[in-house]
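Before any comments, here is the structure.
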Amino acid sequence: RVQKVVVIGGGFGGATVAKYLKRFDAEIEVTLIEPKTTYMTCPGSNWYLAGLVDVQSLTHDYTNLIAKHQVRVIHQMATAVDAQSKTVTLENGDVLSYDKLVVSPGIDFKYDAIDGYSKEAAQILPHAWQAGTQTELLAKQIKEMPQGGRFLMVAPPNPYRCAPGPYERISMIAAYFKEHNPRATIMILDPKTKFSKQALFHQGWQELYGEMIEWYGAQDGATVSKIDVANKTVYSDFDTVTADVINVIPAQKAGKIAFTAGLTDATGWCPVNQDTFESSLQKDIYVIGDSAIAGAMPKSGHSASSQGKMCAAAIVSALRDLPMPQTRNVNTCYSLVSKDWGISIVGVYENRDNRIAEIKGAGGVSPMSASLQERKMEADYARAWYKSITMDIWN
Ligand code: FAD
């Protein structure tokens, strides 16, 4: 009998696991469920805000997965999972059966975490934390901001996708303003006391953008409790701030289908066996990417894709009754501070006592003392990383 694997979500995690399942065992029937016919990546979407890349170069489709890798792709939303009968129901009513199911739906937002913000409000004050129309809306608002105006970011609490992402975004918006709106100011109100690559970001901001960027954290009382959308005003203990453009990045949780399928715990994320990514709550269902609780691995596209490969190996091993190979995992998050100024953080991980843990001394961050030439090299590595990972997944 042909073994069937269904994958929900065609992003960094889902598209990787689908492709690698076919590479590891071409006999398995792999079906990928993804509503979108094209997928715009969040990685690179900050670069778009600075005008460094266009939407086209960040957009990928499923033609290679279908034609080159024999993945069956269905452009539908999955609306329900029945773990007992091992079936997935699609929006159009079709029901698919599986031997193994992989769920990689990315994130959803806790819209009610800030009084006054909502899904509807995101059409006026965009989050742009899922790439596509939201990214284009934010880019348009930045372009149309009055000369000398104020841009405000309401940063998210931990844990969220892409730890350095908000701060790369600030850098890219500053790069845009430096050229097109030099008197503009940027403020960040952050519910955290510190953030990823903080010293490196502050160094780059000072060097490249002078006094343009102001950051306030939880220690300053900058946790935003309320937003008046119509008057573009945010309230925190730190201050009441009005701005011309406001980017609100809300608190996050696992993608909706993870809740529907009973894969989440009290944290709002999905506990898994960190060796195989099989759900701790439902047998024969695997969760990868942002939705999964993956020990020390951060929520990133690189992590999701690494996990997709691990999960493909785990499923093929389980279907063939073989032991799961021991794997090591990598994550790299590059950020551009300007077109020619790149910084990075790298982690290498192994499984210890059923938990993904970082291997001390194997990763690290860019040195504070790097030369301009080294910063430029890292910016080039960032672009090369983007090319190679998207080729690996969608080509
Ligand atoms: P996603 O890539 O979001 O894919 C989920 C997919 O599932 C979507 O296509 C969605 O349509 C689909 N889906 C959801 N629900 C259903 C359903 N019910 N049925 C069918 N399909 C469904 N990471 C990096 O590694 N490097 C970076 O430089 C980087 N930069 C970033 C910059 C920004 C601004 C942001 C916001 C993120 C960045 N990330 C980066 C993080 C990265 O985008 C995510 O961590 C990654 O996309 C997670 O992959 P995923 O498969 O979990 O989810």
(message) Can you tell me which residue is farthest from ALA128 (Cα to Cα) among those in region 156-175 that are more than 9 Å from the ligand (Cβ to nearest atom), in a helix (DSSP H, G or I) and not aliphatic (A, V, I, L, M)?
(response) SER171
(request) Residues being within 16 Å of the ligand (Cβ to nearest atom) and either more than 22 Å from ILE285 (Cα to Cα) or modelled with pLDDT of 95 or more (or both): count how many of those fall in region 318-357. (result) 20
(message) What pairs come out if I take residues in region 181-201 that are buried (at least 21 other Cβ atoms within 10 Å of the Cβ) and pair them with residues that are modelled with pLDDT under 95 and part of a loop (DSSP other than H, G, I, E, B) whose C-beta lies under 7 Å away, six or more apart or interchain?
(response) LEU189/PHE238
(request) Please go through region 92-107 and pick out each residue that is near the ligand (Cβ under 10 Å from one of its atoms) and part of a loop (DSSP other than H, G, I, E, B). (result) SER104, PRO105, GLY106
(message) Suppose the filter is under 14 Å from LYS100 (Cα atoms), part of a strand (DSSP E or B), modelled with pLDDT of 95 or more and within 19 Å of the chain's Cα centre (by Cα); does VAL81 pass it?
(response) no
(request) Return the only residue of VAL6, VAL53 being assigned to a strand (DSSP E or B) and either within 16 Å of the ligand (Cβ to nearest atom) or within 18 Å of the chain's Cα centre (by Cα) (or both). (result) VAL6
(request) Determine which single condition PRO35 fails, assuming it passes every other condition in (1) more than 10 Å from the ligand (Cβ to nearest atom); (2) more than 29 Å from GLY342 (Cβ to Cβ); (3) not charged (D, E, K, R). (result) (1)
(request) Report yes if some residue within region 213-230 is in a helix (DSSP H, G or I), away from the ligand (no atom under 14 Å from the Cβ) and surrounded by 15 or more Cβ atoms within 10 Å (Cβ to Cβ); otherwise report no. (result) yes
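Here is a yes/no grid of residues against (1) crowded, with 22+ Cβ neighbours inside 10 Å; (2) small (Gly, Ala, Ser):
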{"residue": "GLY289", "(1), (2)": "yes, yes"}
{"residue": "ALA304", "(1), (2)": "yes, yes"}
{"residue": "GLN326", "(1), (2)": "no, no"}
{"residue": "THR332", "(1), (2)": "no, no"}
{"residue": "VAL337", "(1), (2)": "yes, no"}
{"residue": "GLY361", "(1), (2)": "no, yes"}
{"residue": "GLU374", "(1), (2)": "no, no"}
(request) Taking LYS360 as meeting all but one of (1) within 22 Å of ALA199 (Cβ to Cβ); (2) of a type outside the set (S, T, N, Q); (3) not in a loop (DSSP other than H, G, I, E, B), write down the number of the exception. (result) (3)
(message) For region 369-382, check the following and say yes or no: at least one residue is assigned to a helix (DSSP H, G or I), modelled with pLDDT of 95 or more and within 12 Å of the ligand (Cβ to nearest atom).
(response) yes
(request) Out of the residues in region 108-132 that are away from the ligand (no atom under 12 Å from the Cβ) and not in a loop (DSSP other than H, G, I, E, B), state the one that is surrounded by the fewest Cβ atoms within 10 Å (Cβ to Cβ). (result) ASP112
(request) For residues that are closer than 30 Å to ALA296 by Cβ and among the β-branched types (Val, Ile, Thr), scanning just region 133-165, find the one that is surrounded by the most Cβ atoms within 10 Å (Cβ to Cβ). (result) VAL154
(request) State the number of residues belonging to region 38-49 that are farther than 16 Å from ALA304 by Cα and either within 6 Å of the ligand (Cβ to nearest atom) or part of a helix (DSSP H, G or I) (or both). (result) 5
(request) Tell me which of these MET324 doesn't satisfy, since it passes every other one: (1) assigned to a helix (DSSP H, G or I); (2) in contact with a helix residue (DSSP H, G or I) (Cβ under 6 Å, 6 or more places away or on another chain). (result) (1)
(request) Working only within region 134-149, note down all residues that are of a type outside the set (A, V, I, L, M, F, W, C) and either touching a residue at least 12 places away in the same chain (Cβ under 8 Å) or within 13 Å of the ligand (Cβ to nearest atom) (or both). (result) GLN134, THR135, GLU136, GLN141, LYS143, PRO146, GLN147, GLY148, GLY149
(request) Any residue in region 303-323 that's touching a residue at least 60 places away in the same chain (Cβ under 8 Å) and of a type in the set (Lys, Arg): show its pairings with residues that are more than 13 Å from the ligand (Cβ to nearest atom) and part of a helix (DSSP H, G or I) at Cβ separation under 6 Å, as long as the two are six or more apart or on different chains. (result) LYS309/TYR20
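The values are calculated or read from the model by the stated rules, or taken from the named source; none is laboratory data. These numbers come from a predicted model, not from an experiment. Cβ: placed from backbone, ideal geometry, glycine included. Neighbour counts: every protein chain shown.
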